[in-house]
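Structure first, then comments.
Just so it is clear, none of the values below were taken in a lab; they were calculated from the coordinates. It should be emphasised that the depicted structure is a prediction, and the values quoted were computed from it without experimental measurement. Backbone-built Cβ (ideal geometry, glycine too); neighbour counts: all protein chains shown.
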Amino acid sequence: MAQVELLAAAAGRTADGAEFRIRSPWYRSLPLSCIDVELSVDGDRVESERIAFCVNGQAYDLSELAELSDEFWFVLDPAKLRVAKVEPGPHDVSLLLGLRIPYLFDEETGDVLQLWSELAVRTTVPTEATA
């Protein structure tokens, strides 16, 4: 499976943090209910309450994703991860993106197949807001 892709070498700056644009590693669009996100900045795991998953012009708390089976992350559209309380400057960012594929099943367990894609980059959050 392909890896999740960060679309810009530098992060965006929001009023209260940073924004990372990512592209799905899966070849088909998936409902938001199939997405899990784990993010670390400078080795510290970011609490899910500080992360918004943004697609289709909407921002969703990570806790909302599980209920959004009728809202899709389209394969050609980047998503934005908006992360509160990230200071300007260079940061080591690690992203673990889990995708549950609702039409594929694990042969051994019968559970819906979940694929994990990982990204680890050093990026810079600018001083001025860009998003």
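Brief remarks follow.
- Test: residue in the range 13-21 that is in contact (Cβ under 8 Å) with a residue 12 or more places away in the chain and more than 19 Å from V121 (Cβ to Cβ): yes
- Verdict on L104 being loosely packed, with under 12 Cβ neighbours inside 10 Å, under 20 Å from Q3 (Cβ atoms) and more than 14 Å from the chain's Cα centre (by Cα): yes
- Any hit, the range 84-91, residues being surrounded by 14 or more Cβ atoms within 10 Å (Cβ to Cβ) and either within 15 Å of W116 (Cα to Cα) or within 13 Å of the chain's Cα centre (by Cα) (or both): no
- Members of the range 60-77 that are surrounded by 13 or more Cβ atoms within 10 Å (Cβ to Cβ) and closer than 18 Å to G17 by Cβ: Y60, L62
- Inter-residue pairs, beta-carbon under 6 Å, first among the aromatic types (F, W, Y) and in the range 38-58, second assigned to a strand (DSSP E or B), 6+ apart: F53/Y60
- Subset of the range 7-50 [in a strand (DSSP E or B) and loosely packed, with under 14 Cβ neighbours inside 10 Å]: D44, R45
- Cβ-Cβ under 7 Å pairs, at least 6 apart or on other chains, the range 108-127 side touching a residue at least 12 places away in the same chain (Cβ under 8 Å), far side outside any strand (DSSP E or B) and of a type in the set (K, R): none
- Residue under evaluation Y60, criteria (1) touching a helix residue (DSSP H, G or I) at 6+ places or on another chain (Cβ under 6 Å); (2) part of a strand (DSSP E or B), criterion not met: (1)
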